[in-house]
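Okay, structure first, notes after.
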Amino acid sequence: MMVEIPKVAVLFGFGINCDRETAAIFELAGAKSERVHVNHFINGDKDLSEYHILAVPGGFSFGDHLGSGRLLGNRMRYAMREQLTAFAAAGKPIIGICNGFQVLVKTGLLPGREIPDFEQRASLTLNNSGRYEDRWITLEFDSESPCIWTKGITRLECPIRHGEGRFVMPNFEDLDTLDANHQLVTRYVDPKSEVGAGITDEELPFPICPNGSARNIAGICDPTGLIFGLMPHPEAAYATFLHPQHTRNEIVEEIEGECMKIFRNAVEYCQSNL
Amino acid sequence: MAANIVRIEVTPKVGSGFRDVRGDLIKRRLRADHAIEFTQVRSVVGYLVKSEISSEEISDRVEDLFADPIIEVGTTDALILNDKTLFADSPELVISIGFKPGVTDNPGSAALDGFRTIFPQTESSAKVSTYLTYAFYGGPTDLDSNWLAGELHNGLIEKVVIGIKGETAPEIEFPEIGKIEYSAPKSIDLEVPDEELIRISNEGLLALNLEEMHAIQAHYRDPEIRKARAAAGLVVDAPTDVELECLAQTWSEHCKHKIFAAKIHHVDSETDEDCTIDSLFKTHIMKPTFDMQAEVDWLLSIFHDNSGVIAWDDDWSICMKAETHNSPSALDPFGGAMTGIVGVNRDILGTGLGARPIANTDVFCFGPPDWQGDLPDNLFHPSRVLRGVHAGVRVGGNESGIPTVNGAIVFDDRYIGKPLVYCGTIGMMPRHLPDGRESHVKNPLPGDRVYMVGGKVGYDGIHGATFSSLELTEESPSSAVQIGDPITQKKMVDMILEARDAGLMTCITDNGAGGLSSSIGEMAEYTNGCDIDLSKVPLKQEGLKAWEILVSESQERMTVSVREEDVPAFEQLAALHEVEISWVACFTNSGLFHVRYGADTVCQLPLEFLHDGVPQLQLESEWKTPELTPFLPPENPDHSNLLIRMLAQPNIASKETWVRQYDHEVIAQTAVKPFVGVERDGPGDAGVLAPIHGSTHGLVVSNGIAPRYSDIDAGAMAAAAVDEAVRNAVCAGVDMTKIAGLDNFCWPDPIESEKTPDGRFKLAQLVRANRELERVCRAYFVPCVSGKDSMKNDYGSGEGKISIPPTLLFSLFGDHPDVRYTTTSDLKPGESLYLVGTSKQELGASELAFMLKASGEADGIGGEVPRLPDPEVKLQSYKSLTKAIQNGIVRTAHDCSEGGVAVAIAEMCIGGRCGAAIDVDGPGNADLWGRLWGESLGRIIVGVSQENRPAFLEALSGSEIMYLGETTDSDHLLIYYGDDLVIESKVEDLVNSWKGSLDMTGGDQ
C-alpha cells in the first residue's frame, strides 16, 4: 500500500518550542502533521508505528540543563527505546532540528549504527563564543550523502539559533569514518565561496562557522540516511519573506523558500518507499 | 532508609578539540568589564543530591546523567579540583557559588527530574542543589579575591566560598532550609494613635499611607462588619494579618494605580491655568480610547483584562501587554528581568480564555556601561546590570520559545539609581473556541472550581507589589526577588492552550504581583465572591503563614476556573504535561473575599471594600518651565568627526552582540528582523511578523521612547515617544487604520513630601505627558488598549537621591496587509533619497547636545525640544507613505530619531554597505546644525528606485517631502549643505564606529 499523505509525529512538551511551525511546514510540504506530547508515546496513548515520519523539533527541552538534549534524550532512551528501534527498522525517516538534533545525538541515534544501539558517540556543546546566537548562515551539502532528506540540495541559507551547537567527537578518526560514509551531511560554508565547492575541513572563522564545530559540521545522518539531525533551522526559512534580505529582492508571487526542499524530500521518500 | 547527600562534580575536558567555554566566558567578561587578564579560568559544575539512593549507585550512573561522556569528566563524593590528572596545577584562586536556602535552583530541579528517569524509585522528598566553581590561573597578584567573588555572585540570593592556593579547596554545602512551624494568623490592633498606624505600615512593608490606614480602621468600626465577623468566628474589631496584607497588596500603587486615579489640582504658573483633573487615567487614556472604540469594530477588549485585545481578521485576535520589572532587576538583574519577561508572558496567557504568546519586545534603560563615577551603596555597576538583565530576558524569552522581535536600550546617568526593564508580549488567540465561545470573554459562574496551576508557593516574592511601591533603599528585602523557571512555565503554557481549545476553562488569570490575593480577588469580581482554602496550596517550604501563602509571588502560576463536569479532563491534561495543579478555591456569589486555612476563616473582606475601598489621593501639581543652560553648538565644527563620534554613542551604537543573543525567529514568522541589510547588521525599525504559516498577512510591532526630552518638557517626551513608535511602524508599511498602542509610564515619585520636595513639578510633568499622549493618539487614531505605570523610580532620599528622567515607553502593534510589501533601512543600489517631513531648529535635549555637554564642548542641553504641533500633517504623509510601501513602490525607509538626519543616513549606508551623496539644505529655517543633528519629529528618509520614482512622487504629492540625493557606487557618505561638503566619511569607518562601542564581548577567545 502506497502512502499518499505521510503522517508526521511532531514531538512536543518539556520545553520543545518549534513544534507548531515544524508541524505547519510539514503540512505545507504535503504531509499530515500531528503534534504529539512525548508522554503520549511513553504512556502508550499514541503508537509511534502509526506515523511515517518523526520530527524532534527545536527548543529548550528541560532548559538545556545538564547539557542540551540530555534529559529528553534520556527519557526517550529509557522509555521509547523499543518504539524507536522499530520505527527505524521500518525504514521511516526521523529528523532532529537544533534541540532535536542534540536529543538524537544524546540518545545515540546519531551518528548511530545501522541498527540503533542507543550509545552516545558524539556531542553538541557550548559554542566557542560562549554565546547563544541567532544569525543566518550558509550551508552546503555532501552530494554523495545517503541522507534522504537532502537529496538534490547543494546550498541553503537559514538561521542558526543555539548556544550549544559545537559538534564534537572523541577523536579525528571518528570524524574520518563519518566523512567516508558521507554522514557529514551538511557544513557551514563561506557564502562567498563557489557554490558546490564550499565544503572544507579547515576551521572556518566565526561567524561563518558560528560555533567552532569540528570540520564546520552543521548536520549529520545515520548510516542509513534516514535519520538526519542539524543545528540550523530550515523550517524558519520556509518562505521567501523570511529571508533577511528579502526587501532587496523582487517581490514574487510564489512564497515557498528553498529550505522547503528538505521537508518535501521526506514526504516524497515516504510516498515512494513506504 | 535515611536520605544522604551525595556530591557530584563535573568539569569539561580540555585540550585538542575540547575547551572549557564556561571558564573562557568568565575570563573574557573580566577583560571586557575590568581589563583584568587571567591566563586561564576553568569551571566545575557541582550537584548535591539529597536522596535515599546510595553514593555507589549514583557513582555508577554519573555518565548517564551528570557528565556527558564525550566532553566531560565527573567525580562522586570528591572535589574534582583535587584530581591531579585533571587539574595538574593547583589554581591560585577558587571561587564556589551556590544558592542560598529557598532560592529557585532551575538546574537543580532539572537534575532531579533527570535523576528520577534513571532512579524511578527516588523518594518524593529528594532534592538536588547545584553550584558552580571557578578555578583561576595566572591573574594579577594584587587582585582582591573578595572583590572578584563579589563580581561573580549576588549575595542576596547566592552564597560563596573562596579558596586561596595552598589552602584546602572550599566546599559548598547543601542549602538546608530551617524548619518553620505554621502559626495561626494574628489580629492587628488598629485602635492606636496615627504614628502607630504609620509604624505598622512601614515595618510591615505595607506601603499604606495614613489615610488608607484610617479607611481600614473605619471598616473595622462598622457595626455590620463586626456582626458578620462575629458570625465567622473572627476577632470583630481588628483585621487579621491576612486581611491587612491582602488589603495592602490590593491597594498598592502597583495594583491600584493610585496616582493615575488621583484627583489632581494642577497649576501652570506660566499660563495661569488652575484646574482639577479627576484621574489622569480616566481623562487622558480611557476616555480617548472609548471614543475611538465607538468608531471601529476591531477593539474587542480594552482595559479590564490582562491585556488589550484587537480583532486581527475574522479568525484571529491579537493582544499585547508591556510591564516593567524595575525594582527586582535592580536587586537581582538576572532573576528580576527573567521574572519580568516570563511574567508578562503570563499576562498574555491570562487574557480572555488564554492567548498564546507569539512575540516579545524588550526595552531597557540603564546607566552608562562605561560609568567611572561613584556608585551608591547596594547598587550594581551599570555594566553588570546590563549583563544580568540581558541574560535574564534572553533566557526567559529563548527558553519559552517566544521571539524577541523589537526593542531598544537607552542610556542615561540617572538610570544608575533604578534601571528600567520594560518587557512586552504579543499574543494571539482564535476569535472563537471550538465550543463557540468568544475567546476574549471570561465567563466563570459561582460554583466553578478554582485551580492554582504551575509551581509551588514559597517565600520568594513576598511583598513584590508593595515593595515596588516604595523607593529602593539599602535594606530592600531579598524575598522581594523571585527567579523564574521558563521550562516549568512552558509546560504550563502547553497545557493551558490545550485546555482552552478543549473548552475546559471558564476563567484564567496570572499570578503576578500580590499572588493569589490579587488573582483570585480580581476573578472573584465576575461572580461576586470566592472561598479560598490556603491549606490546599502546595508549598516549597513547610510552615508558611496564611498571609504569606496568600500574597507570595512565587512564579509560574496561573489561576484557572473549571466547571465541575470538566474537572476530570482538566486533571488528566495536567498529568500528561506533568504540570502541578491544586484545587484551592471555589467561586461564590457571597459578595465576600473569604479565605480559610482548613476549617478556620482567616480573612473575610467584602469584595466591594477590597476593590473600591481605597480612598482617592488628592495631589498637587505645579508646572514651571525648567531653566536650563541652552545648547550652543561649538565653533569651527568638524561634522565628519562628529558623525563618527555620534555613531559610537551608547544610545546610537549597534547593540548587535546583545540583541543577536535573543532568538528573534522562533515560530518561523519574523519577516523583518532586528538586523537588516547586506551584512545583516543594519538597524531594523519595526518588527514585522507573518504569524500564520503559509500566509503573508502580517503584524507590525514597534516602540518609541525619548526620556531625555523630559529634561525640557515631559509633554514633548510623550509626543516624541508616540510619534517614534508610529514612524517605525510606517516604515514597515503598517495599515494606518488598524494600529493600537500601549502606554507604559515610569516616573520618579511625583507626590510632594519631605522625601520629594519637588513632587509638584514631577506631577506636573506627568500631567503634561498625559495631555500630549491624548492629543497625539487622537490625531493618529491610536487607541491605548493597555498600559501600566511604575511611579517610584528613585534611589535613596535627600542629597544622594537619584530620580530617573520621566519615561514613557509607547509600544505599538498594528495590522499589515502583506509582509512581502515592506521596507528595511539598508540602502539599495541606484536609489533616489527623499526626506519625508521637515527639519526644524530643534536641538534641545538632543543626543548631540548631551554628547557635547559630556565632553565639555557645550555648556548645556537646553533649547527647543522636538515638538509635534501638527500631527494631522504628519498623518497625511504617513498614510501616503504606507500606501506607497504597500504598493511595492518603496523598499527602503528609515526613521530619523536620535542623531537626526546625519545618523539616519549613516545607518542606511551601513545596512546597505553603500555610498550616498545628499544635500540637507531645503525648505524651512533650520540651520546646518538643525538639519544634520536636530531630532525633529515626523521625519523618515526614503529610498526609491529610479523606475518607481514617478509613482512615488505622485503617491506622496501633497505631503511634506524633500529631495535629498542619490545612492552612489563609491564607498563614501557625502553630505552637502548647498554647495558645501560638510560630511565625508568612508562607509567602513561608519561601520566600525557604530559597531565598536557596545560590543563588550571581550574578544573571541
- Whole-Hz couplings from phi, Karplus 6.51/-1.76/1.60, listed for the stretch B:550-557; x for Gly and Pro: 5, 10, 4, 10, 3, 7, 6, 10
- Task: Give me the lysines in straight-line cross-link reach of B:K13: C-alpha distance below 23 Å, same-chain residues under 8 apart excluded.
- Result: A:K106, B:K27, B:K84, B:K165
- Query: Okay, which of the stretch B:952-975 sit inside 19 Å, backbone N to the point 7 Å along the Cα-Cβ direction of B:V873?
  - Reply: B:956-964
- Message: Using the Cα centre of the protein assembly as shown as origin and beta-carbon charges of +1 (Lys, Arg) and -1 (Asp, Glu), tell me which of B:L576, B:Q669, B:C319 is placed farthest towards the positive end of the dipole.
- Response: B:L576
- Message: Using 5 Å bins from zero, what percent of all Cα-Cα pairs in the stretch A:7-273 falls into each bin?
- Response: 1, 6, 14, 19, 21, 18, 12, 6, 2, 1, 0
- Query: Ratio of the stretch A:169-274's C-alpha Rg to 2.2 N^0.38 Å, to two decimals?
  - Reply: 1.24
- Can you give the extra length, in nm with one decimal, that the chain gains between B:W583 and B:T629 once fully stretched, where that is 0.36 nm per residue apart less the Cα-Cα distance? 10.3 nm
- Other residues with Cβ under 12 Å from the Cβ of A:R70 give, with Lys and Arg +1 and Asp and Glu -1, a net charge of -4
- If you take the square roots of the eigenvalues of the alpha-carbon gyration tensor of the stretch B:667-720 and sort them as a ≥ b ≥ c, do you get rounded (a/c under 1.5), prolate (a/b over b/c) or oblate? oblate
- Query: In whole Hz, what ³J(HN,Hα) sequence does the stretch B:235-242 give by Karplus (6.51, -1.76, 1.60; θ = phi - 60°), x for Gly and Pro?
  - Reply: 4, 6, 10, 8, x, 6, 4, 5
- Message: For the stretch A:1-93, report the % of Cα-Cα distances exceeding 22 Å.
- Response: 26 percent
- Where nothing but the Cβ of Lys and Arg (+1) and of Asp and Glu (-1) is charged, how large is the charge dipole of the stretch A:7-273 around its Cα centre, in debye to the nearest 20? 680 debye
- Query: Considering only DSSP beta bridges whose two residues both sit in the stretch A:7-273, what percent are antiparallel, to the nearest 5?
  - Reply: 55 percent
- Message: Residues of the stretch A:130-151 with backbone nitrogen within less than 12 Å of a virtual label 7 Å along the Cα-to-Cβ line of B:T1001, please, listed as ranges.
- Response: A:130-135
- Other-chain or far-sequence residues with amide H under 5 Å of B:R596's (modelled H): B:I532, B:D533, B:L534, B:V602
- Query: What are the DSSP H helices in chain A that stretch 18 Å or more along their long axis, judged by alpha-carbon atoms, and whose average Kyte-Doolittle hydropathy comes to at least 0.5?
  - Reply: none
- Task: For chain B, state what percent of all Cα-Cα pairs lands in each successive 10 Å bin, counting from 0 Å until the bin that includes the largest distance.
- Result: 2, 11, 20, 23, 21, 14, 7, 2, 0, 0
- Between beta-carbons, use under 12 Å as the cut-off and find the net charge around B:C530, counting Lys and Arg +1, Asp and Glu -1. -3
- Task: For the stretch B:799-807, just list the computed ³J(HN,Hα) in residue order, Karplus coefficients 6.51, -1.76 and 1.60, θ = phi - 60°, integers in Hz, with x standing in for Gly and Pro.
- Result: 4, x, 5, 10, 10, 5, x, x, 10
- Could I have the simple spin-label model distance between B:D272 and B:N641, label points 7 Å from Cα toward Cβ, reported in nm to one decimal? 5.2 nm
- Task: Report the net charge of residues surrounding B:T657, where surrounding means a beta-carbon distance below 10 angstrom and charges are Lys +1, Arg +1, Asp -1, Glu -1.
- Result: +1
- Query: How far apart, in nm, are the 7 Å Cα→Cβ label points at B:E565 and B:D758?
  - Reply: 6.4 nm
- Rounded to the nearest 100 Å², the accessible area hidden between B and A, summed over both chains at a 1.4 Å probe radius, is 6200 Å²
- Task: Mind checking which lysines have their Cα closer than 18 Å to the Cα of B:K828? Skip sequence neighbours fewer than 8 apart in that chain.
- Result: B:K673, B:K986
- Please report Rg over Rh for the stretch B:704-797, where both radii come from the alpha carbon positions and Rh follows the Kirkwood definition. 1.04
- Query: Given H placed 1.01 Å from N in the peptide plane, which residues other than close sequence neighbours of B:V457 have an amide H under 5 Å from its amide H?
  - Reply: B:L539, B:K540
- Report relative contact order for the stretch A:7-273 in percent, whole number only (criteria: Cα-Cα under 8 Å, sequence separation at least 6). 19 percent
- Query: Which listed residue (A:N249, A:Q83, A:Q102) has the Cα farthest towards the positive end of the charge dipole for the stretch A:7-273, taking +1 on Lys and Arg C-beta and -1 on Asp and Glu C-beta about the Cα centre?
  - Reply: A:Q83
- In the protein assembly as shown, what percent of the accessible surface is made up of carbon and sulfur (1.4 Å probe, ligands and nucleic acids excluded)? 49 percent
- Report the one residue of B:L617, B:P538, B:G397 whose Cα lies farthest in the direction of the positive end of the charge dipole of the protein assembly as shown (charges on C-beta: Lys and Arg +1, Asp and Glu -1; origin at the Cα centre). B:P538
- Between A:V105, A:V168, A:V252, find the one with the highest GNM mean-square fluctuation for chain A; connect C-alpha pairs within less than 10 Å. A:V252
- Over the stretch B:143-246, what number does the Rg to Rh ratio reach, with both radii from the alpha-carbon atoms and Rh per Kirkwood? 1.30
- Taking 0.36 nm per intervening residue step and subtracting the Cα-Cα distance, what contour gain separates B:D435 from B:I162 on full extension? 92.2 nm
- Treat every Asp and Glu Cβ in the protein assembly as shown as -1 and every Lys and Arg Cβ as +1, leave all other atoms uncharged, and give the resulting dipole magnitude about the Cα centre to the nearest 20 debye. 1940 debye
- Message: Under 8 Å for C-alpha pairs, at least 6 residues apart: give me the relative contact order for chain B, rounded to a whole percent.
- Response: 11 percent
- Note on the structure: Amide H neighbours of B:Y976 at under 5 Å, excluding residues fewer than 5 places away on the same chain, with H built from the backbone geometry, are B:I918, B:D919, B:V920, B:V982
- Query: Per residue Cα convex hull volume for the stretch B:541-620, in cubic angstrom?
  - Reply: 178 Å³
- What Rg and what Dmax come out for the protein assembly as shown when only alpha-carbon atoms are used, in angstroms? 30.2, 90
- Task: Provide the FRET efficiency to the nearest 0.05 for the B:R61-B:N528 pair, computing r from the beta carbons and using R0 = 45 Å.
- Result: 0.20
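The values are calculated or read from the model by the stated rules, or taken from the named source; none is laboratory data. This structure is a prediction, so every number in the text was calculated from the model and none was measured. Virtual Cβ from ideal backbone geometry, glycine too; neighbours counted across all protein chains shown. Ligands, DNA and RNA are stripped out before the accessible areas are found, and what is left, the full protein with its side chains, is counted by its heavy atoms. Shrake-Rupley method; radii C 1.70, N 1.55, O 1.52, S 1.80 Å.
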